[in-house]
Amino acid sequence: MAATVVALVLALLLGGCSVGGGESPPGRITLRFQSLAWQDESVRINKELVEEWNASHPDVRVEYVQGSWDSVHDQLLTSFEGGEAPDIIHDASDDLADFAYGGRLADLSGLLPDRLKRDIPQSSWETATFGDGVYGVPFLQEPRVLIANKKILEAAEVRIPTARNPWSWPEFRLIAKRLTERMGSGRYSVAWPLKDPVSATLNLGLSTGGQLFHRGADGKVTIRFTDDDAVVPGTIHDQVATDRSASGATLGMGGSDTLPGLFGGKYAMVPLGFSYRQQIIQQAPKGFEWTVLPAPAGGTDGLAQGVSPQTLSIAQDSPHKREAVRFIDFLLQPDNMVRLAKGDWMLPTGTEAIEDPSLRVAKDGWATGAALARELRPAPAQSVRGYPEWKDKVATPALQEYYSGAIDRAELEKRLVEDGNRVLARYQR
């Protein structure tokens, strides 16, 4: 009798643990959503949206999983290999190529609702298209802009650029030189934080017609360095090594490292991602006046700029792809996309969301960013296999040496093209 009672108690306890431990009751689907949101505001909004979904969809529960931008690529590799990948994957489009070509991500072409396909521009879809498939939904993006000390610019009486009338690259160089002369010794008009110089160089280079990567009729990619490709790196090189209008000390810095110098008047302008505005609001001393200016424009391509949007993908091994797409569609409804964009201080890709009045106010530079949204293009290396190795082993050291004045343009071209094509060739046999 005692044994029977003990067995019954154990059965009840084990049954309670099973349900209380988070396992789905019979008939309910559970999806794991790995988010890379990291700012408090962004994490809060993502979790709120998950809770709203769960409250209105009792049949499909979403479990929020916190990931990290610092380790996401290696973490996903491990989870794919171990069969433990989350159903819904938050990443960036320039990290998807190897996963897409390697069969790790689901092709969403036949799963996406028409509403979502229509709302996001084709140029954004191209960032997540590899071969004939679509392997992610691009939803947040950020251009590079110039964050400027408003008082310094006004005191120098230089022309203030707008999205309708931006500086050209030659004008930017001229104004930077003049501004530095007026600022005095030990101060610079520009701080280029180029710890990671490759993406900034390539993406801004689209404004001058630079492409660098060229895909042939056979589908293979080769590198060519033209005069159009040389404008942006040439401007940065000349500002640092010739004009002394940009600080060489910032070349190895990340964006956040330059902010104290901007606040203190050591630098008048810093080219940064649009989302850095939040850090400025949080960290700037009282009385600091700042403004958001568009990056310089090229001749024929104007304010065109490359971006690698944040994306939502679905693991190929997920048994619940259609339910996962339903959740993505919910997450990216226009109102929700606006919430996500404001939480990350970025721009939404959706055409309806970008028209939201709250994203078009002058305060904190939102209007400048919204005006640039239509000029954003897929990053030049978006679908190039072997790009990560080329970036780390060839382009990063070559550009760092060029910007510091250690090598000239001819040597830069030789390394990017000759060494680069040898790297790409191994991935295209």
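Once the convex hull of the C-alpha atoms of the stretch 341-398 is built, how many Å³ does it hold per residue, rounded to a whole number?
Hull volume normalised by residue count: 131 Å³.
Could you run the Karplus curve 6.51 cos²θ - 1.76 cosθ + 1.60 with θ = phi - 60° over the stretch 196-201 and give me ³J(HN,Hα) per residue in whole Hz, x for Gly and Pro?
10, x, 6, 5, 4, 5
Dipole size in debye (nearest 20) for the chain around its Cα centre, Lys and Arg Cβ +1, Asp and Glu Cβ -1?
So the magnitude is around 920 debye.
Please list, or write none, the lysines whose alpha carbon is within less than 23 Å of the alpha carbon of K363, excluding same-chain residues fewer than 8 places away.
Cross-link targets: K150, K151, K286, K342.
Of the DSSP beta bridges with both residues in the chain, give the percent that are antiparallel, rounding to the nearest 5.
Once the DSSP bridges in the chain are tallied, antiparallel ones form about 60 percent.
Which three numbers, in whole Å and largest first, are the semi-axes of the equivalent ellipsoid of the stretch 283-359 derived from its Cα gyration tensor as √(5λ)?
The three semi-axes for the stretch 283-359 are 32, 19, 13 Å.
Distance from the Cα centre of the stretch 211-278 to that of the stretch 153-186, in angstrom?
Measuring centre to centre over Cα atoms gives 17 Å.
Calculate, for the chain, the solvent-accessible area per residue in square angstrom, rolling a 1.4 angstrom probe over the heavy atoms of the protein chains.
Heavy-atom accessible area per residue stands at 45 Å².
Counting only residues 5 or more places away or on other chains, whose amide H sits under 5 Å from the amide H of F130 once H atoms are built in the peptide plane?
Long-range HN contacts for F130: Y135.
Mind checking which lysines have their C-alpha under 24 Å from K414, skipping anything on the same chain fewer than 8 residues away?
K195, K220, K391, K393
Quick one: with all protein chains in place, what share of the accessible area of the chain is carbon or sulfur, to the nearest percent (1.4 Å probe)?
C and S fraction of accessible area: 51 percent.
Applying the Karplus parametrisation 6.51 cos²θ - 1.76 cosθ + 1.60 with θ = phi - 60° to the phi angles of the stretch 182-193, what ³J(HN,Hα) value in whole Hz is obtained for each residue in order, glycine and proline being reported as x?
Values per residue, Gly and Pro as x: 7, 6, x, 4, x, 10, 9, 6, 10, 10, 9, x Hz.
Determine which aspartates and glutamates satisfy two conditions relative to K47: a Cα distance under 20 Å, and not lying fewer than 8 residues away in the same chain.
Counting by Cα, and skipping residues close in sequence, K47 has these aspartates and glutamates nearby: E23, D59, E63, D87, D91, E323, D329, D335, D344.
When the helices in the chain are scored as -39500 (n - 2.57) per DSSP H run of 4 or longer and the sum is shared across all residues, what 222 nm value do you end up with, to the nearest 500 deg cm²/dmol?
Only helices count here, giving -11000 deg cm²/dmol.
Name the residue, out of P285, P348, P271, whose mean-square fluctuation peaks in a Gaussian network model built on the chain with Cα pairs under 10 Å.
P285
Can you pull the Rg over Rh of the stretch 171-228, Cα-only, Kirkwood?
Here Rg/Rh amounts to 1.18.
Can you compute 3J(HN,Hα) from phi for each residue in the stretch 42-54, using the Karplus curve 6.51 cos²θ - 1.76 cosθ + 1.60 with θ = phi - 60°, rounded to whole Hz and x for Gly and Pro?
3J(HN,Hα) across the stretch 42-54, in whole Hz: 5, 4, 4, 5, 4, 5, 4, 5, 5, 5, 5, 4, 4.
So if each residue of separation counts as 0.36 nm, and I subtract the Cα-Cα distance between D74 and A155, what length gain in nm does that give?
So the chain would gain 24.3 nm between D74 and A155.
Any idea what % of Cα-Cα pairs in the stretch 34-160 are farther than 19 Å?
Distances greater than 19 Å cover 63 percent of the Cα pairs.
Does anything in the stretch 147-178 have its amide N under 12 Å from the 7 Å Cα→Cβ label point of A362, and if so which residues?
The answer is none.
Going by average Cβ neighbours within 10 Å, how do the peptides 103-110, 179-186 rank, with the highest at the top?
Put in order of decreasing packing, that is 103-110, 179-186.
Mind checking which of D329, D95, D218 has the largest fluctuation in a GNM of the chain, springs on alpha carbons under 10 Å?
D218
In what sequence, highest mean first, do 335-347, 51-63, 413-425 appear when ranked by Cβ atoms within 10 angstrom?
For the peptides 335-347, 51-63, 413-425, the packing ranking is 335-347, 413-425, 51-63.
Which entry in (1) 22.3; (2) 24.7; (3) 23.4 is this structure's computed Kirkwood radius over Cα pairs in Å?
Given (1) 22.3; (2) 24.7; (3) 23.4, the calculated one carries the label (3).
Can you compute log10 of I(q)/I(0) for the stretch 42-85 with the Debye formula, treating each Cα as one identical point scatterer, at q = 0.34 Å⁻¹?
Values returned for q = 0.34 Å⁻¹ are -1.08.
Would you mind computing the Rg to Rh ratio of the stretch 315-363 from its alpha-carbon coordinates, Kirkwood style for Rh?
1.13
Dividing the Cα radius of gyration by the Kirkwood radius, what Rg/Rh value follows for the stretch 369-429?
1.10
Out of residues 5 or more away from V158 or on other chains, whose amide H comes under 5 Å of its own, with H placed 1.01 Å from N in the peptide plane?
Excluding prolines and chain starts, which carry no amide H, there are no hits.
Have a look at P378, P86, P161 and tell me which one the Gaussian network model of the chain (Cα, springs below 10 Å) gives the largest fluctuation.
It is P161.
Going highest first, how would you order 201-210, 380-389 by mean Cβ packing within 10 Å?
201-210, 380-389
Using 0.36 nm times the number of residues separating R115 and T396, minus their current alpha carbon distance, what extension gain do you get?
97.1 nm
Once amide H atoms are placed 1.01 Å from N in the peptide plane, what residues at a sequence separation of 5 or more from L31, or on another chain, have their amide H within under 5 Å of its amide H?
R61, V62, E63
Provide, as a two-decimal number, the C-alpha radius of gyration of the stretch 142-246 over 2.2 N^0.38 Å, N being how many residues it has.
For the stretch 142-246, the normalised Cα radius of gyration is 1.24.
The values are calculated or read from the model by the stated rules, or taken from the named source; none is laboratory data. Remember, it's a predicted structure, so these values are computed and weren't measured experimentally. Here the Cβ is made from the backbone with ideal geometry for all residues, glycine too, and neighbour counts use every protein chain on show. The area values use the complete protein model at the heavy-atom level, side chains included, leaving out ligands, DNA and RNA. Shrake-Rupley method; radii C 1.70, N 1.55, O 1.52, S 1.80 Å.
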